[in-house]
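Derivation of every value follows stated rules applied to the coordinates shown; laboratory data play no part. These figures come from a predicted structure and were not determined experimentally. We place every Cβ from the backbone using ideal geometry, glycine too, and count neighbours over all the protein chains shown.
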Amino acid sequence: MIDPGFFLEIFPKLVAGLPLTLKLCGISVLLGFVLAVVLALAQQSENAFFVWPIRAFVSVFRGTPLLVQIFLIYYGLGQFRPNLQALGLWWLFREPFWCAIIALTLNTAAYSSEILRGAIRNVPRGLPEAASALGLSRLLTLRLVVLPLALRQALPAYGNEIILIVKGTSLASIITLTEVTGLAQELISQTYRAMEVFVAAGAIYLLINFIIVRALELLEIKLTPYRKR
Amino acid sequence: MFEKIHLLGFGAGGWGALLLEAAGITLLLSALGFAVGAVFGGVAAAGKLSSSKVSRVIASTYGTVFRGVPDLLSIYLFYYGGSVALTSIARLFGATGFVGLPTLATGVVTIGFISGAYQSEVYRGAYLAVDKGQFDAAKALALTRIQMLRLVIVPQLLRHAIPGLGNVWQLVLKDSALISVIGLVELMRQAQIGAGSTREPFLFYLAAAALYYTIAAVTDLFFSRAEANASRGIVHR
C-alpha cells in the first residue's frame, strides 16, 4: 500500500506551500504578539472605559470560529469596497493574503493577551513595589521587572498558542491561498490517495511544531538559569 | 447594511429560521462529535496509562498527530479517504462512479477523532490527579476492578476532568465550522449560502458569529454548573 515513489513525487509539491505557511504564521504571530502585549497592559488600567472594549474584543475573538472571522474580514468587508477605497484601505482588504493575516493576528492577539494578562497578574506584588521603592518610574518597572517575569512565565502557554496559529494558517486555503493544506487538498482530489498525502503534509506540520516546541524549550532553559536540571 | 436586517428575520424572505435550524445542526454535530471523542479519548488515555509499550506508543502517536496537524487536513483525510474506501466497496457490488460519504456521519467521526486526541490528555491528567490512597482503599474494600473504576475512581476523575473537557468542548464547537467544507449545511455553510444568494456577506457572517458566540456562552454555563456539581463537598483551599 505504501509507495515510496509516490511520496517522493508529492513531497516537493507540498513543500512548495511551506514558505506561504511560514509567512502567514510568522507575520501574524509577530504582529499578534505586539498587539497582545498592548492589550494586556491596557487592561491593567482601572479605567473601565478603556478595559471594557478590550474585554469585549477578546471575548468575541475567543468565542467564535476562526473561519467565521476570516470570512467576515475577506468577504464581509469586501461589501464595503467604496468606503474602503475612500479610506485608502482597499489594497489591504482586496488581498486574501492580508485578510488572512488580519484575521490570524486579531485571533492570536485575543488569545495571547489573556495568557499575558494572567502572567502579569501572577508577578508577585512585592516586586513592582520594590521597584517603585527604588524610585523606578512606572514605565521602567514595567520594562525591567514586570514584563520580563511575566513573559517568562507565559512561555509554555504561549508555545501552545503559536502551534494553534500554525494550524490556523491552514484555513487560508479556503480563501484561495495555496499553502501546505491547500496543496494537499488539490493533490488528494487529483490522486484520491488521501492517506499518503495526509501523512506527507502532516509530517511537514509536525516538523514545524517540533521545531517551535524545541526552540521554546531552549529559550525557557536560557531564561531560567537558576533552575537545576 | 442594517436596512437589510429583515433578511435575518422570520417573515417572508427571512433567513432566521434556516439559520437557527443550521445552528441546531452545529450543536448536534458538536455534541455527537464530542461524545464519540470521549470514547476515543477514554481508550487513548487508557492506552497511554497502560503498562504495554505498544499501547503507549500507539496512543501517544494518535495524540501527537491529531493535535499537531491542522484539523482541516484531518477532515480531508476522513472525507476523501472514507469516500475512496466506500467507492471501492460499492464497486464490489457493481456500482459505478464516485460514492460520497454522508456528511453528518463523516463530520461526527472526524470531530470525534480530533477531539478524542485532546480529550485523552484531559482524562490522563485527571486519572493521575486522583489520590493514590483511593485505589488502595478500593482494594481494601475488595472491590473488583470494574467496581473500583465505576464507584470510586471515575466520579473523582470527572471532577478533575470537567474544566479541561469544557475547553475541549469550546474547541469542538469552533472546529465544527470547518465541517462546512465537506458540504454539511451547518451554521457556517448556511451563512455562506445566505451570503451568496442575498449578496450580504457581512450581515450573514456577523449573524453566524453571534450564534456561535451565544452557543459557546450558554454551553459554558452548563460546564460551570457541572463543575460546581462535581466538586460539591470539596473544600477549596
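Measure out, as a whole number of angstrom, how far apart the alpha-carbon centroids of the stretch A:176-214 and the stretch B:117-196 sit.
Comparing the Cα centres of the stretch A:176-214 and the stretch B:117-196, I get a distance of 28 Å.
Given Cα pairs under 8 Å that are at least 6 residues apart, what percent is the relative contact order of the stretch A:28-168?
This gives 32 percent for the stretch A:28-168.
Where does the Debye-calculated log10 I(q)/I(0) of the protein assembly as shown sit at q = 0.08, 0.12 Å⁻¹, using only Cα point scatterers of equal weight, no solvent?
At q = 0.08, 0.12 Å⁻¹ the computed log10 ratios are -0.56, -1.23.
Taking Cα atoms, how many degrees apart are the long axis of helix A:96-121 and the longest axis of chain A, rounded to 10 and kept between 0 and 90?
30 degrees
Pop the C-beta distance of B:Leu149 and A:Ser137 into the FRET formula with R0 = 51 Å and round what comes out to the nearest 0.05.
Computed FRET efficiency for B:Leu149 and A:Ser137: 0.30.
Once both labels are modelled 7 Å past Cα along the beta-carbon direction, what's the A:Leu8-A:Trp91 spacing in nm?
My value for the distance between the label points is 4.6 nm.
With a cut-off of 8 Å between alpha carbons and a minimum separation of six or more residues, what is the relative contact order of the stretch A:1-111 in percent?
Answer for the stretch A:1-111 is 40 percent.
Below 8 Å between Cα atoms, with a sequence gap of 6+, how large is the relative contact order for chain B in percent?
This gives 27 percent for chain B.
Measure out, as a whole number of angstrom, how far apart the alpha-carbon centroids of the stretch A:1-74 and the stretch B:9-52 sit.
Cα centroid of the stretch A:1-74 versus Cα centroid of the stretch B:9-52: 24 Å apart.
Which whole DSSP H helices in chain B pass both tests: a Cα extent of 27 Å or more along the axis and a mean Kyte-Doolittle value no lower than 1.6?
Both cut-offs are met by B:16-49.
Using the beta-carbon distance between B:Asp131 and B:Val185 and R0 = 45 Å, what value does 1/(1 + (r/R0)^6) give for FRET efficiency, to the nearest 0.05?
The computed FRET efficiency comes out at 0.40.
Using a 10 Å cut-off around each Cβ of peptide B:201-209, what is the average number of partner chain Cβ atoms that fall inside?
Taking the mean over all residues of the peptide, I get 6.
Using a 10 Å cut-off on Cβ to Cβ distances, tally the other chain neighbours for every residue of A:177-187 and report the average as a whole number.
2
Counting helices only, and only those DSSP H runs with n ≥ 4, report the 222 nm mean residue ellipticity of chain B as the sum of -39,500 (n - 2.57) divided by its residues, in deg cm²/dmol to the nearest 500.
Mean residue ellipticity, 222 nm, calculated: -25000 deg cm²/dmol.
Hey, what angle do you get for helix A:147-168 against the long axis of chain A, alpha-carbon based, 0 to 90 degrees rounded to 10?
Its long axis makes an angle of about 20 degrees.
Run the quick spin-label model on B:Leu20 and B:Val39: label points 7 Å from Cα toward the beta carbon, then report their separation in nm to one decimal.
Using points 7 Å along Cα→Cβ, the separation is 3.3 nm.
When a/c is below 1.5 the answer is rounded, else prolate if a/b is larger than b/c, else oblate, so apply that to the stretch B:168-222 with a ≥ b ≥ c taken from the square roots of the Cα gyration tensor eigenvalues.
Oblate, because a/c is 1.5 or more while a/b does not exceed b/c.
Roughly what would the spin-label model give for A:Asn83 and A:Val15, points 7 Å off Cα along C-beta, in nm?
Those two pseudo-labels are separated by 4.6 nm.
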